[in-house]
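Below: one structure, written as structure tokens.
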Amino acid sequence: MDSALKEGLEGVVVARTKLSHVDGEAGRLVIAGEDVERLAGATTYEQLWARLFAGPADFGSARRAAFREAAPQPDGMDALRATIAAMSTEDPVAVAAAVAVHAAAWSRRKRGLEPIAPDAKLSHAADYLRMVTGEVHDAKARALDAYLVTVSDHGMNASTFTARVIASTGSDLVSAVTGAIGALKGPLHGGAPGPVLDMLDAIGEPARAMEWLSAELAAGRRIMGMGHRIYRVRDPRAAVLEREVEKLEAAGVSTRRLKLARAVEKAAAELLARKYPDRALKANVEFYTAVLLDAVGLPREVFSPTFAVGRVLGWCAHVDEQRKTGRLIRPASEYIGAMPR
Ligand code: COA
């Protein structure tokens, strides 16, 4: 057995999956046997759920069942983690519906507004948009649905790995999803889109991008929304989400930050290429997530919880797959401490 140390488990294969495939060299993402470019915009969240679980789910009823008091927490991911942790169910639809309902309810309370009860007749994406913003809007709901599908699964990313590790011990679904929410919260994983929007606001106009980004890099800070552990080219999901924002624009929705985002991405890619000529650091999914979620009217503090609304599909499907085909995940470590004499 190859026992060479792989810091951060980079490149180590720990499971077989039929859910999604990431090719970082080619910039390709396949979910449920289809390229993400074809899937997003053409398949709804519910349809993708039915494909990954080989059966339909009643999200409308599940959302209504999930609508109840949530734990008051200042941070959306903390609130989600606490509320989901308090559930007691093995039904993945109930868990996924609860993530959407509680993310929305938290966001409204945070703004001093009453939570909006779910409408079982709407699609999952349309109802999530309505529960957060109060608005029913077809074009925005379609863009949000495309976003949820785009981020639904992504190989053995850190939160999915967390969920699989927990499931591999024979533990319950709620524990696995709770752990995954904790992993997703970190800024190196799912916490970047809010800061991307902050960055765009701080830059303000395309002409200031170079100067602002240069100063950030000179100060040793990372540019949010740029770089990826797997992709050595531009993240294909960035293009999918950029396309969805263009569609919104064509539908008459104001997407005021798109032009600025493109200029900032170009400047950031240029500066990073200069600083790290051997490492391709291009836009990742979070970059255009920020632009899309902002354009559909979601407040930035609910961006990370919204990522969880999409990714919970993948977590639940991976827990299911792990239970059916996986083995206890238990890697080894290299001991560098003292030995008894
Ligand atoms: N801005 C500035 N420098 C960056 C950078 C960024 N966005 N991403 C990577 N780098 C630097 C690293 O600091 C490293 O430099 P060093 O060798 O001097 O320490 C070098 O580029 C190579 O980094 P790499 O090995 O490619 O990064 P990683 O695989 O450890 O990390 C990310 C990948 C995503 C965590 C990293 O690119 C990052 O922090 N990006 C910003 C946060 C973000 O957008 N997260 C969402 C991910 S979907």
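We did not get these values from a lab; they are worked out from the coordinates using the rules stated. Owing to the predicted nature of the structure, the values given are computational and were not obtained by experimental measurement. In this analysis, Cβ positions are derived from the backbone assuming ideal geometry, glycine residues included, and neighbour counts consider all displayed protein chains.
For LEU113 and THR89, compute 0.36 nm times the residue count separating them, minus their Cα-Cα distance, and round to one decimal in nm.
Here the answer is 5.8 nm.
At q = 0.19, 0.23 Å⁻¹, what log₁₀ I(q)/I(0) does the stretch 1-94 have when each alpha carbon counts as one equal point scatterer in the Debye sum?
Listed by q, the Debye log ratios stand at -1.07, -1.12.
Each residue of the stretch 262-275 in order: what ³J(HN,Hα) in whole Hz does its phi give by Karplus 6.51 cos²θ - 1.76 cosθ + 1.60, θ = phi - 60°, with x for Gly and Pro?
4, 5, 5, 4, 4, 5, 5, 4, 5, 5, 5, 5, 5, 6
Set Lys and Arg Cβ to +1 and Asp and Glu Cβ to -1, take the dipole of the stretch 222-312 about its Cα centre, and tell me which of PHE287, PRO236, ALA267 lies farthest positive.
ALA267
Using a Förster distance of 56 Å, how high is the FRET efficiency between ARG208 and ARG323, based on the Cβ-Cβ distance and rounded to 0.05?
Calculated transfer efficiency: 0.65.
Which one, GLY310, PRO340, LEU213, projects farthest toward the positive side of the charge dipole computed for the stretch 206-341 from Cβ point charges (K/R +1, D/E -1)?
Farthest along the dipole direction, towards plus: PRO340.
With a point put 7 Å past each Cα toward its Cβ, work out how far MET339 is from ARG232 in nm, to one decimal.
Those two pseudo-labels are separated by 3.8 nm.
So what's the back-of-envelope 222 nm ellipticity for the chain, counting only DSSP H runs of four-plus at -39500 (n - 2.57) apiece and dividing by all residues, rounded to 500?
It lands at -16500 deg cm²/dmol.
In straight Cα distance, which aspartates and glutamates are under 16 Å from LYS121, not counting same-chain residues fewer than 8 positions off?
Those aspartates and glutamates meeting the cut-off are GLU46, ASP58, GLU135, ASP138, ASP145.
Select from the stretch 1-44 those trypsin sites (Lys or Arg not before Pro) which occupy a DSSP coil region and have at most 11 other Cβ atoms within 10 Å, ordered by residue number.
Passing sites in the stretch 1-44 are LYS6, ARG16, LYS18.
At a Cα cut-off below 12 Å, give the aspartates and glutamates reachable from LYS18, other chains included and same-chain residues fewer than 8 away excluded.
GLU34, ASP153, ASP320, GLU321
Given the Cα-Cα distance of ASP58 and ASP198 and 0.36 nm per residue of separation, how much length would full extension add, in nm?
Working it through step by step, the gained length comes to 46.7 nm.
List every residue whose amide H lies under 5 Å from the amide H of MET226, counting only residues 5 or more places away in sequence or on a different chain, with H placed 1.01 Å from N in the peptide plane.
Result for MET226 returns ASN284.
Running Debye on the chain with equal point scatterers at the Cα sites and no solvent, what base-10 log of I(q)/I(0) appears at q = 0.13, 0.15 Å⁻¹?
Taken in order of the listed q values, log10 I(q)/I(0) reads -0.99, -1.30.
Based on the inverse mean of 1/r over its pairs of different Cα atoms, what is the Kirkwood hydrodynamic radius of the stretch 61-166, in Å?
It works out to 14.6 Å.
Could you give the distance between the Cα centres of the stretch 20-86 and the stretch 211-247, to the whole Å?
What the calculation gives is 23 Å, centre to centre.
If the cut-off is a Cα-Cα distance under 24 Å, which lysines reach LYS247, setting aside same-chain residues fewer than 8 apart in sequence?
Output for LYS247: LYS140, LYS259, LYS266, LYS282.
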